[in-house]
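The values are calculated or read from the model by the stated rules, or taken from the named source; none is laboratory data. Fair warning: this is a prediction, and the values are worked out from it, not measured in the lab. Cβ sites come from the backbone with ideal geometry, for glycine too, and all protein chains shown count toward neighbours. Please note that ligands, DNA and RNA were not included when accessible areas were found on the heavy atoms of the full protein model with its side chains. Shrake-Rupley method; radii C 1.70, N 1.55, O 1.52, S 1.80 Å.
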Amino acid sequence: LTHDEVETLFHEFGHGLHHMLTKVDYPEISGSNGVAWDAVELPSQFMENFCWEREALDMFAAHHESGEKIPDDLFRRMLAAKNVSSGLAAQGSVRASVYDMMLYNRYDPHNPMPTDDIWLDIGERFVSSSYIDGTHPQASWIHINTHPVYYYGYLWSRVYAQDMFTQFEANGLRDTATGKRYRDLILSNGKQRPIEDVIEEFLGRPANNEAYIRSLGL
């Protein structure tokens, strides 16, 4: 697997843990089904962090023939390249989130607006626009068809995820007590308590965006 594929595997496994470790009996309010859109992607994006930690990678990442771990120089270069264009990527997330909302907010059955026009109008607000004439990038975007007005949750959840990962950075990636608190407060919760309350209890303070900003290399 490539590193990107491993990151995707960890991401989706985070969703799996959210459902498997729930303590809520009713599927409609358990796991990610029961969480506000603000935090649906929290467990999945939280898990991505482990793919950038040497301790975690050394537990499984090795050459398929020699068994050699990732060389130190290669790992350093991976970290150095991690945040290339991170600002543009963040802008892209904001742009996509705004488009997802505007697609429905501007909908008028009596005067339909082409989705291309909405995409281009939003793109003019950002520093960089990658639109190519004659293409329809929004048409290949599955989330706006399956989860309307949902995409903002990726960015909001990442803020939560990065903030919560600071507890594992401080206490150790495999610290049992921290892992149990994460399981009991976050993964098992479903819709029993508001997500903001359980995150604050886990952190011992209100959540903030400082760890997210650092994760962009800023």
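Here the ratio of the Cα radius of gyration of region 137-218 to 2.2 N^0.38 Å is 1.28.
Remark: the chain carries 58 Å² of accessible area per residue (probe radius 1.4 Å; ligands, DNA and RNA excluded).
Of all aspartates and glutamates in the structure, those lying under 18 Å Cα to Cα from residue 191, and not within fewer than 8 positions of it along the same chain, are 25, 28, 38, 41, 200, 201. Could you name the lysines whose alpha carbon sits less than 20 Å from that of residue 69, not counting residues in the same chain fewer than 8 places away? Candidates past the 8-residue exclusion: 82. Solvent-accessible area assigned to carbon and sulfur over region 1-114 amounts to 59 percent, based on a 1.4 Å probe.
Using alpha-carbon pairs under 8 Å, 6+ residues apart, how would you state the relative contact order of region 1-78 in percent? Over region 1-78, the number comes to 27 percent. Split the accessible area of region 117-189 by element, probe 1.4 Å, and carbon with sulfur accounts for 53%. Projecting the Cα atoms of 97, 18, 164 onto the charge dipole of the chain, computed from C-beta unit charges around the Cα centre, puts 164 farthest toward the positive end.
In degrees, nearest 10, range 0 to 90: what is the angle between the Cα axis of helix 3-20 and the longest Cα principal axis of the chain? Compared with the principal axis, the helix lies near 90 degrees.
With contacts taken as Cα pairs under 8 Å and at least 6 residues apart, the chain reaches a relative contact order of 31 percent.
Counting Lys and Arg as +1 and Asp and Glu as -1 over every other residue whose Cβ lies under 13 Å from the Cβ of residue 55, the net charge comes to -1. Taking amide H as placed 1.01 Å from N in the peptide plane, the amide H of residue 62 sits under 5 Å from none that are at least 5 places away or on another chain. For the pair residue 81 and residue 171, a Förster radius of 22 Å applied to the C-beta separation gives a FRET efficiency near 0.20, rounded to the nearest 0.05. A simple charge model with +1 on the Cβ of Lys and Arg, -1 on the Cβ of Asp and Glu and nothing else charged puts the dipole of the chain at about 400 debye relative to its Cα centre. 3J(HN,Hα) along region 194-202, derived from phi through the Karplus expression 6.51 cos²θ - 1.76 cosθ + 1.60 where θ = phi - 60°, amounts to x, 4, 4, 5, 6, 5, 4, 5, 5 Hz, with x in place of Gly and Pro.
Scaling the Cα radius of gyration of region 10-110 by the globular reference 2.2 N^0.38 Å produces a ratio of 1.51. Volume per residue for region 56-198 equals 203 cubic angstrom (convex hull of Cα atoms). Dipole magnitude for region 13-70: computed about the Cα centre from +1 point charges on Lys and Arg Cβ and -1 point charges on Asp and Glu Cβ, it is near 100 debye.
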